[in-house]
Amino acid sequence: MATHPLWRPFELSDLQLADNAVVGSSPPGGVHVVPYDAAWPVRAAALCSAIRQALGERVLALEHVGSTSVPGLAAKPVLDLVLTVADPADEAAYVRPLEPLDLVLHIREPEWEEHRMLTRPDRSVNLHVFGPETPEPHRVVLFRDWLRAHPADRDSYGALKTRLAEQGFERVMDYNNHKAALVYDIYEKAFAGDPAHEHDPHPRP
């Protein structure tokens with residue numbers, strides 16, 4: 001499931017999504033975007049602390065990312081965390097130790113940078129797992145930090161998310177596809193402003 005910033009909307013079929021799902025598909029109910037809640041970073045910090053306690057030195061990096069990590073940004077009320085471990089394919093090293101936190105393996109995508117995602121039964125958390133050589137954790141942190149530092153982009157993004165949620169999308173994939181153009185444009189600006197990130201700009205269609 002390509003969430004990286006290159007201009008490529010989601011193209012996976014429902015069958016492919018089912019193949020990647022370990023414990024079933026997302027529950028129905030559509031996409032809900034709500035105003036920013038100051039409790040989100042507090043909950044995220046508590047969960048990060050619990051994950052670090054459960055995994056110890058197996059945590060190479062752990063960040064609160066996504067819209068709930070940007071003060072003032074409207075978001076789906078779902079915490080996104082990105083966890084870096086030595087080898088995401090070694091699921092035994094982190095999946096079972098996180099079960100007491102009510103986190104279960106939901107998505108397995110070895111074809112995309114060995115990505116795994118754990119979630120809770122109520123889907124209030126998405127814990128994305130990657131390896132240390134993977135660019136995606138850096139990208140999502142870069143996107144978060146850009147929105148934190150650029151209120152105009154934050155507000156444009158929040159307004160778009162709110163408008164799209166009002167259209168009644170049932171699948172998050174469809175909602176994400178309609179956000180893709182603005183997300184791409186913000187990434188282009190963030191990459192251009194990050195001298196540590198090797199970047200070859202590509203105009204989107």
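Checking the conditions here, which among L164, L147 is touching a residue at least 24 places away in the same chain (Cβ under 8 Å), within 30 Å of A86 (Cβ to Cβ), surrounded by 18 or more Cβ atoms within 10 Å (Cβ to Cβ) and not small (G, A, S)? Break it down stepwise before answering.
Numbers: L164 fails: within 30 Å of A86 (Cβ to Cβ).
The unique qualifying residue is L147.
Give segment 125-170 a look and list any residue that's among the β-branched types (V, I, T) and farther than 12 Å from V183 by Cβ, or say none. Of everything in segment 125-170, those that are among the β-branched types (V, I, T) and farther than 12 Å from V183 by Cβ turn out to be V125, V129, T134, V141, T162. Selection of segment 45-63 for residues being surrounded by 17 or more Cβ atoms within 10 Å (Cβ to Cβ) and either aromatic (F, W, Y) or in contact (Cβ under 8 Å) with a residue 40 or more places away in the chain (or both) yields L47, I51, A54, L55, E63. The number of residues in segment 150-161 that are under 18 Å from V31 (Cα atoms) and loosely packed, with under 15 Cβ neighbours inside 10 Å comes to 1.
I need the full set of residues from segment 167-180 which are over 16 Å from S67 (Cβ atoms) and modelled with pLDDT of 85 or more, in order please. Don't jump to the end; show me each part of the working.
In the first step, residues of segment 167-180 are kept if they are over 16 Å from S67 (Cβ atoms); the result is 167-168, 170-171, 173-174, 177.
Scanning segment 167-180 gives a single hit, Q167.
Restricting segment 117-143 to residues that are under 20 Å from L47 (Cα atoms) and aliphatic (A, V, I, L, M), the residue that is surrounded by the fewest Cβ atoms within 10 Å (Cβ to Cβ) is V141. With respect to (1) under 17 Å from the mean Cα position of the chain (by Cα); (2) farther than 17 Å from S124 by Cβ; (3) not hydrophobic (A, V, I, L, M, F, W, C), the lone exception for H32 is condition (2). Going by the conditions given, is P88 at pLDDT 95 or above, buried (at least 16 other Cβ atoms within 10 Å of the Cβ) and either of a type in the set (S, T, N, Q) or touching a Phe, Trp or Tyr at 6+ places or on another chain (Cβ under 7 Å) (or both)? Spelling it out, P88 is indeed at pLDDT 95 or above, buried (at least 16 other Cβ atoms within 10 Å of the Cβ) and either of a type in the set (S, T, N, Q) or touching a Phe, Trp or Tyr at 6+ places or on another chain (Cβ under 7 Å) (or both). Restricted to segment 167-200, and to residues there that are in contact (Cβ under 8 Å) with a residue 60 or more places away in the chain and among the polar types (S, T, N, Q), the residue that is farthest from P35 (Cα to Cα) is N177. Among residues of segment 118-135 that are acidic (D, E), those with a Cβ under 9 angstrom from a residue that is at pLDDT 95 or above and surrounded by fewer than 19 Cβ atoms within 10 Å (Cβ to Cβ), sequence gap 6+ or separate chain, pair up as D122/D102. Can you work out which of the residues in segment 154-187 that are under 18 Å from the mean Cα position of the chain (by Cα) and among the charged types (D, E, K, R) is nearest to L73 (Cα to Cα)? By that ranking, first place goes to R154.
The values are calculated or read from the model by the stated rules, or taken from the named source; none is laboratory data. Nothing here was measured: the structure is a model prediction, and the numbers come from that model. Here the Cβ is made from the backbone with ideal geometry for all residues, glycine too, and neighbour counts use every protein chain on show.
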